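Enquirer: Have a look at this one.
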Amino acid sequence: MKLLCDFAAFFVAAVLSLLMVNLTPVWSGGSDDEGPDAHQDDGPSYFGFVKDASGKAIPDAKVTAEIKGRGSVITRSNATGAYKLPGFGKEISPNNVIIS
């Protein structure tokens, strides 16, 4: 009986492990509820890191992208100092975007 219980526990653990390994790429890529062309016209995204003079990451820093003649978008850096802003459309030239 103990051998049967051990086998059942091993089998359940193996199945769960395989499911987790096989589902990981789906989670990391997000959901697939949008078509392949959903973000085709967004233009380039803007991303980087906020660091102090010594190179240490600054979490929760305010990052502003000013689009000349159109306004601005504000985001915050994450715990590692990284930030990402969406693309503003292909009609916006990267030369007209100022990140501060």
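The values are calculated or read from the model by the stated rules, or taken from the named source; none is laboratory data. None of the values given here were measured: they were computed from a predicted structure. Ideal geometry is used to build each Cβ from the backbone, glycine not excepted, and the neighbour counts take in all protein chains shown.
Enquirer: Among the residues of the stretch 42-84, how many are under 14 Å from the mean Cα position of the chain (by Cα), within 11 Å of Ile99 (Cβ to Cβ) and not in a strand (DSSP E or B)?
Expert: 0
Enquirer: Can you tell me how many residues within the stretch 60-80 are farther than 22 Å from Pro94 by Cβ and either surrounded by fewer than 13 Cβ atoms within 10 Å (Cβ to Cβ) or modelled with pLDDT under 90 (or both)?
Expert: Selection size over the stretch 60-80: 3.
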